[in-house]
Amino acid sequence: MLTWKKNTPMHTPLVARCLRGLETVVAAEVLGSKLGAVTELRHREVHFRTRQSVPSLRTADDVFLLAAEGPDVGTTRHTLRDLVALAELTDTDRLLSVRRGARASARDITGVEVSASFLGRRTFTRYDVEDVVGQALARRLGLPYHARRKGTAPPPGCCGWRLTLDGTRATLMLRVDDRPLHRRPYKQHTIAGTLHPPLAAAMAELAGIRPGDRVLDPCCGAGTLLIEAALARPGARFHGFDLSPASVTAARANAGDLPVRVRRGDAGRLPLPDACVDRVLCNPPWGAQVQAQGLIAVDPARWWTELRRVLAVDGTAVLLLPDIEDLATALRHDFTPAHVQRLRLAGAQVFLVCLVPTPSASPARGRPCGASAPGPPEAIDPAGQASA
Ligand SMILES: C[S@@+](CC[C@H](N)C(=O)[O-])C[C@H]1O[C@@H](n2cnc3c(N)ncnc32)[C@H](O)[C@@H]1O
């Protein structure tokens, strides 16, 4: 006998969905912003309650109103119909009114779309789950259902529902915003291997950027890390380099009026003085999608040597590394890991690491910014454009 739990009108619990591994970072954002109380951490979910208006979290992929919960329906197709009960339990009028009162646009809802996911092997697909729940919700709301299995984008005005099966529970949620939160309005220009903005926001958060800090991304791509950091900490100064002219163009366009300066340059020979950078944020081109170019393609150790050279003695580097072996390389270059976190990103394992210079091995201890410029200043003109 299935038992289902319905949310009462007095409390509308919220669910922030995030990358696997970022749950504690999202919980810290909820708590740090004094938005409310975290009630539970689950696989890729942070459950919380707030008395304030529904928050826009930077480290979460999305924020949902919790609609209804019940037991997981199991692994076989014939029990999928049990999910109809979740849709029937949902107080759709109240949830849609909370959603209207939050941030979603005031325009009329034109349809229903559902995105489903589950853990473990099943004899059905996510589209089968979406169709069962979507058709039930559409019937209740008297609206058309837009099936995602067609591969076409839902028409404007569709309200987005989310259904998860985690092996124990079935959870139905309603997206607060019209669009997923991870789709940032600033990101109009992109490049291969560009970073997921909530992960960039989490990395910026972990860096502990202070007012006045000089923040560097030596391989900045479309600028996601620097832009997320600048939005969160506008009192710091942000500098990006990239060897690819297309990346430089994309990062400048995305950054718009933010205090982010992007120049063309090789991360293997940065035109910066020793020890002048307080924080480094970077996902270097070590992955399958983006290959290292220039000096670091010939000698990857140069990337680490330059990072160590420009980072201040009390600095921190927050990096996304594809391989745990990269930590050994970091140790060889006189970095000490202060934090290591395993994440899953697009189905692959990656490591989020915070590195600090190993104290006894500082090569440029205390040298003030601007004291020397061992890189080739002639490679960068004063306007920040490549002269070669
Ligand atoms: C993984 S992407 C960075 C993505 C970036 N974080 C974003 O969100 O768009 C790596 C970047 O390193 C750049 N790159 C490759 N070799 C480089 C080098 N020697 N110096 C500087 N940038 C380099 C690539 O052009 C690419 O933009």
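For the reader, a short list of remarks on this structure follows.
- Condition met for GLY208 (among the small types (Gly, Ala, Ser) and more than 13 Å from the ligand (Cβ to nearest atom)): yes
- Among residues of region 236-254, those that are among the polar types (S, T, N, Q) and within 7 Å of the ligand (Cβ to nearest atom), counted: 2
- Exclusive hit being surrounded by fewer than 17 Cβ atoms within 10 Å (Cβ to Cβ) and in contact (Cβ under 8 Å) with a residue 12 or more places away in the chain, set ALA312, ALA338, ALA328, ALA317: ALA338
- When the test is whether a residue is at pLDDT 95 or above, touching a His at 6+ places or on another chain (Cβ under 6 Å) and more than 22 Å from THR194 (Cα to Cα), ARG308 passes it.
- Subset of region 216-251 (residues that are outside any helix (DSSP H, G or I), hydrophobic (A, V, I, L, M, F, W, C), buried (at least 24 other Cβ atoms within 10 Å of the Cβ) and over 16 Å from the mean Cα position of the chain (by Cα)): LEU216, CYS219, PHE238, PHE241
- Single residue of region 283-302 satisfying the filter (of a type in the set (A, V, I, L, M, F, W, C) and within 7 Å of the ligand (Cβ to nearest atom)) that is modelled with the lowest pLDDT: VAL290
- Flag if GLY256 is surrounded by fewer than 21 Cβ atoms within 10 Å (Cβ to Cβ), modelled with pLDDT of 95 or more, closer than 16 Å to VAL277 by Cα and under 21 Å from the mean Cα position of the chain (by Cα): no
- Number of positions in region 25-72 that are surrounded by 19 or more Cβ atoms within 10 Å (Cβ to Cβ), in a strand (DSSP E or B) and of a type in the set (Gly, Ala, Ser): 3
- Each residue in region 186-196 was checked for being within 8 Å of the ligand (Cβ to nearest atom) and either touching a residue at least 60 places away in the same chain (Cβ under 8 Å) or not polar (S, T, N, Q) (or both), and 5 pass.
- Residues of region 129-147 that are buried (at least 19 other Cβ atoms within 10 Å of the Cβ) and assigned to a loop (DSSP other than H, G, I, E, B): HIS146 alone.
- Within region 166-178, tally of residues that are in contact with an Asp or Glu (Cβ under 9 Å, 6 or more places away or on another chain) and part of a loop (DSSP other than H, G, I, E, B): 5
- Evaluating ARG183 against the criteria (1) at pLDDT below 95; (2) in contact with a Cys (Cβ under 8 Å, 6 or more places away or on another chain) leaves one unmet condition, (2).
- Residues being in a helix (DSSP H, G or I) and buried (at least 16 other Cβ atoms within 10 Å of the Cβ) - total across region 85-127: 10
- Enumeration of residues in region 148-162 that are surrounded by 17 or more Cβ atoms within 10 Å (Cβ to Cβ) and either of a type in the set (Asp, Glu) or assigned to a loop (DSSP other than H, G, I, E, B) (or both): PRO154
- LEU272 within 17 Å of LEU216 (Cα to Cα), within 16 Å of the ligand (Cβ to nearest atom) and not in a helix (DSSP H, G or I): yes
- Exactly one residue among THR305, THR329 is more than 15 Å from the ligand (Cβ to nearest atom) and hydroxyl-bearing (Ser, Thr, Tyr), and that residue is THR329.
- Of all residues in region 46-69, none that is farther than 22 Å from HIS196 by Cβ has its Cβ atom under 7 Å from the Cβ atom of a residue that is among the acidic types (Asp, Glu) and crowded, with 20+ Cβ neighbours inside 10 Å, 6 or more apart or on another chain.
The values are calculated or read from the model by the stated rules, or taken from the named source; none is laboratory data. As the structure is a prediction and not an experimental result, all values here were calculated from the model. As a convention, Cβ positions derive from the backbone with ideal geometry for all residues, glycine included, and neighbour counts pool all protein chains shown.
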